[in-house]
Every structure is written in C-alpha cells, then in structure tokens.
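Asker: My questions all concern the structure below.
The values are calculated or read from the model by the stated rules, or taken from the named source; none is laboratory data. Everything numeric in this text was worked out from a predicted model, so none of it was measured. In this analysis, Cβ positions are derived from the backbone assuming ideal geometry, glycine residues included, and neighbour counts consider all displayed protein chains.
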Amino acid sequence: MNPLKGKESNLSDTPNGMNLDQSKAQMRKGLLEFCILSVLAGGEAYPSGILERLKRSGLLVVEGTLYPLLTRLKNDGWLSYRWEESNAGPPRKYYRLTEEGHRALAELTAAWHTLVDSINQTLASQPTTPTL
C-alpha cells in the first residue's frame, strides 16, 4: 500500500485537530512540484498528460491543484511553454523544463535522496513497537 496515495486513515483526530489524512496530504503537496519537474524531465507535456503520468505513478492530482503549480514553476523560471493549435478545441499549452528547471530538478533530486536516506536511518533506529 502506498501511504501517500490519499487513502483514508482509521485513526481519529488528534487533540489539536490534525489527523493522519491531513498529514499525508501535506506530505503529498510538498512533493508535487518536484514530481511535476520529474515528469517534464522526460519532455514537454500538456497538463492532461502530466496528470496522467502522475496518476500512473500513484499520485492522484486534480487540475485545480496542477494549474497553480505550473504557473508558480513558470514564474520561478523553471518551466516555459508553447501554444499549439488543436483540432478539437482551443489551442493547447505544452510545458517544458528550462535550463534553470533542469538545474533545480538536479538539486531537488539530490536533496530527495539525502532526505530519504535520513528518514530511513531514523526509521531503522526506532525501537520495535508492539502491534496494537
């Protein structure tokens, strides 16, 4: 089971109002920009193609979440886009990584590997807890 897929938890809310589902959603949101850059490292894509690739990877993302992230990444200089006429409606916007976006992805990838190693070390050092 993928813990970041958004599956509902059977754990109740904590006293401060945060629950496990909210924690998992926050983790997922924090990684979406990195995942979008990773998808676009394979070449330019239309937003529906980005959503499909994320879905195939187990990340369920909706258009209302994707478009603001694409805009932010473009405004940061990490993405550019081009318009292409469509036979089936309005022109389509295809996104691609800029040189700066490729550099950012390389740095984020290195940071990801460091983070995963740190988390794995932390998890490995936990005492065995009894099953509830």
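Asker: Working carefully through the options A106, A124, A88, find the one that is of a type in the set (A, V, I, L, M, F, W, C) and at pLDDT 95 or above.
Answerer: Step by step, each of A106, A124, A88 is checked, and only A106 is of a type in the set (A, V, I, L, M, F, W, C) and at pLDDT 95 or above.
Asker: For the range 93-114, name all the residues that are outside any strand (DSSP E or B) and either surrounded by 11 or more Cβ atoms within 10 Å (Cβ to Cβ) or touching a strand residue (DSSP E or B) at 6+ places or on another chain (Cβ under 7 Å) (or both).
Answerer: Narrowing the range 93-114 to residues outside any strand (DSSP E or B): 98-114.
If the condition is that a residue be outside any strand (DSSP E or B) and either surrounded by 11 or more Cβ atoms within 10 Å (Cβ to Cβ) or touching a strand residue (DSSP E or B) at 6+ places or on another chain (Cβ under 7 Å) (or both), then T98, E100, G101, H102, R103, A104, L105, A106, L108, T109, A111, W112 are the ones that fit.
Asker: If you go through the range 102-121 one residue at a time, do you hit one that is of a type in the set (S, T, Y), out of contact with any Lys or Arg (no Cβ under 8 Å at 6 or more places or on another chain) and over 19 Å from M27 (Cα atoms)?
Answerer: Going through the range 102-121, the residues of a type in the set (S, T, Y) turn out to be 109, 114, 118.
The next check asks that each one be out of contact with any Lys or Arg (no Cβ under 8 Å at 6 or more places or on another chain); those that pass are 109, 114, 118.
Adding the requirement that they be over 19 Å from M27 (Cα atoms) leaves none.
No, the range 102-121 contains no residue that is of a type in the set (S, T, Y), out of contact with any Lys or Arg (no Cβ under 8 Å at 6 or more places or on another chain) and over 19 Å from M27 (Cα atoms).
Asker: Oh, and also: Scan R28, R53 and give me the residue that is modelled with pLDDT under 95 and surrounded by 11 or more Cβ atoms within 10 Å (Cβ to Cβ). Talk me through it step by step, then tell me what you get.
Answerer: Details: R53 fails: modelled with pLDDT under 95.
Just one listed residue meets the conditions, R28.
Asker: For the range 115-132, how many residues are part of a loop (DSSP other than H, G, I, E, B) and under 19 Å from the mean Cα position of the chain (by Cα)? Spell out how you get there, then give the answer.
Answerer: As a first pass, look at the range 115-132 and keep what is part of a loop (DSSP other than H, G, I, E, B): 125-132.
Among the residues that remain, those that are also under 19 Å from the mean Cα position of the chain (by Cα) are: none.
Here the count works out to 0.
Asker: Suppose we keep only residues that are within 14 Å of F34 (Cα to Cα) and of a type outside the set (D, E, K, R) within the range 72-92. Which one would you say is surrounded by the fewest Cβ atoms within 10 Å (Cβ to Cβ)?
Answerer: Here is the first cut: in the range 72-92, the residues within 14 Å of F34 (Cα to Cα) are 72-74, 76, 78-79.
Filter once more, keeping what is of a type outside the set (D, E, K, R): 73, 78-79.
Details: L73: 21, W78: 24, L79: 23.
The qualifying residue surrounded by the fewest Cβ atoms within 10 Å (Cβ to Cβ) is L73.
Asker: Follow-up. Please determine whether any residue of the range 75-91 is in contact (Cβ under 8 Å) with a residue 40 or more places away in the chain, assigned to a loop (DSSP other than H, G, I, E, B) and touching a Gly at 6+ places or on another chain (Cβ under 6 Å).
Answerer: yes
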